[in-house]
Amino acid sequence: MPTVDVHQHLWPELLIEALASRRRPPRLRGSTLDLAGRAGIEIDLDAHGLDARIALLDRCELDVAVVSLSPTLGIADLPADEAAELAGVYESGILELSAEARGRIVPLAARPRVEGFAGSCVRAAALSELDSQAPLLDQLEQRGAFLFVHPGPSRPPVGAPAWWAEVVDQTAQMQAAYAAWLAHGAGRWPGLRVVFALLAGGGPFQLERLQSQGVSGRDSLHENVLFDTASYGRRALELCLSTLGVGQVLFGSDAPRLDPKSGLDVVRSFGDAVVDALWNQNPSRLLP
């Protein structure tokens with residue numbers, strides 16, 4: 001089985017050109033990414049080249065990267081025509097890169113469509129609007145594709161430190177999305193595999209607190225709910241594995257923002273059985 005990183009982002013050249021041509025966020029000014037409500041973020045555009053990404057996979061001994069268009073760009077908040085245009089540009093470009101990569105790059109859709117994609121990526125807030133997402137979720141379940149839930153845009157309070165969006169806001173978004181899925185989604189779409197980025201912001205850490213509120217273990221643990229490890233280390237992974245076992249955790253890195261190597265070293269420290277589960281066995285449930 002191939003070794004898989006389920007959480008990477010890759011910008012096709014067409015998307016880079018589209019972002020560079022915009023006059024308001026999300027937009028690129030040279031290598032600076034402007035997002036609504038955020039200070040400019042420096043982007044290593046070279047890291048989004050296909051050759052550079054394949055070299056990164058080879059260096060990390062990864063066979064496959066699942067890539068998505070990050071909802072943190074705020075594209076879903078744009079007027080419908082602008083959002084559709086940018087998402088369409090991304091999808092066209094990423095399908096071309098995927099074909100060129102010969103199986104090393106597996107893309108997720110950025111719009112409510114699944115043909116040609118292994119699944120679809122939505123922002124965390126979408127799970128609080130499940131009725132509006134129902135057509136997409138029905139499609140995914142029927143086709144055996146999966147849903148990847150990722151943090152959306154952040155607007156840190158005035159004076160907040162640079163790390164606020166990633167550490168406070170994004171984890172809160174993911175915990176809320178996980179809770180919404182447990183409350184309203186898992187029973188409605190029992191056959192749909194759902195992957196929560198960032199360990200659902202620490203969502204599995206809250207299972208005992210859920211149980212203290214009368215939620216049974218059966219209602220809070222679903223075999224088709226999975227969690228990627230992006231940005232977390234040994235302490236968090238240890239807690240999740242002791243809570244969930246190895247069958248519901250996947251390796252994710254959030255490359256190129258974060259280097260996969262540190263996360264890979266953490267997984268390796270748990271031994272061959274955990275490595276095999278997180279890199280090989282569990283991702284095989286998502287990918288054809």
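The values are calculated or read from the model by the stated rules, or taken from the named source; none is laboratory data. All values derive from a computational prediction rather than experimental measurement. Using ideal geometry, Cβ is built from the backbone for each residue, glycine included, and neighbour counts are taken over all protein chains shown.
Pick from region 84-137 the residues that are surrounded by 15 or more Cβ atoms within 10 Å (Cβ to Cβ) and hydroxyl-bearing (Ser, Thr, Tyr): which of them is nearest to Tyr178 (Cα to Cα)? Top of the filtered list is Ser128.
Among the candidates Leu57, Leu86, Leu28, which residue alone is part of a helix (DSSP H, G or I) and either touching a Leu at 6+ places or on another chain (Cβ under 9 Å) or farther than 29 Å from Leu226 by Cβ (or both)?
Values: Leu57 fails: either touching a Leu at 6+ places or on another chain (Cβ under 9 Å) or farther than 29 Å from Leu226 by Cβ (or both); Leu28 fails: part of a helix (DSSP H, G or I).
Answer to the selection: Leu86.
Yes/no per residue for (1) basic (Lys, Arg); (2) outside any helix (DSSP H, G or I); (3) at pLDDT 95 or above:
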| site | (1), (2), (3) |
| --- | --- |
| Leu127 | no, no, yes |
| Ala134 | no, no, yes |
| Leu147 | no, yes, yes |
| Gly152 | no, yes, yes |
| Pro156 | no, yes, no |
| Gly159 | no, yes, no |
| Ala162 | no, yes, no |
| Ala165 | no, no, no |
| Ala172 | no, no, yes |
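Selection over region 176-225 of residues that are basic (Lys, Arg) and touching an Asp or Glu at 6+ places or on another chain (Cβ under 8 Å) gives a count of 0. Only one entry in Ala76, Ala110 is modelled with pLDDT under 95 and of a type outside the set (D, E, K, R), namely Ala76.
Test Leu19 against the stated conditions and say whether it is touching a Pro at 6+ places or on another chain (Cβ under 7 Å), modelled with pLDDT of 95 or more and of a type in the set (A, V, I, L, M).
yes
Entry remark, region 31-54: residues being in contact (Cβ under 8 Å) with a residue 40 or more places away in the chain, in a loop (DSSP other than H, G, I, E, B) and buried (at least 16 other Cβ atoms within 10 Å of the Cβ) number 2 in total. Checking each residue in region 1-25 for being assigned to a loop (DSSP other than H, G, I, E, B) and small (Gly, Ala, Ser) picks out only Ser21. The sole residue among Arg257, Arg235, Arg209 that is out of contact with any Gly (no Cβ under 7 Å at 6 or more places or on another chain), basic (Lys, Arg) and not in a helix (DSSP H, G or I) is Arg257.
Table: residues versus (1) crowded, with 17+ Cβ neighbours inside 10 Å; (2) touching a residue at least 40 places away in the same chain (Cβ under 8 Å); (3) within 22 Å of Ser68 (Cβ to Cβ); (4) over 21 Å from the mean Cα position of the chain (by Cα).
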{"position": "Gly185", "(1), (2), (3), (4)": "yes, yes, yes, no"}
{"position": "Trp189", "(1), (2), (3), (4)": "yes, yes, yes, no"}
{"position": "Gly203", "(1), (2), (3), (4)": "yes, no, yes, no"}
{"position": "Gly214", "(1), (2), (3), (4)": "no, no, no, yes"}
{"position": "Asp228", "(1), (2), (3), (4)": "yes, yes, yes, no"}
{"position": "Tyr232", "(1), (2), (3), (4)": "yes, no, yes, no"}
{"position": "Leu244", "(1), (2), (3), (4)": "yes, yes, no, no"}
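Within region 99-123, restricting attention to residues that are in a helix (DSSP H, G or I) and touching a residue at least 12 places away in the same chain (Cβ under 8 Å), the residue that is nearest to the chain's Cα centre (by Cα) is Ala101.
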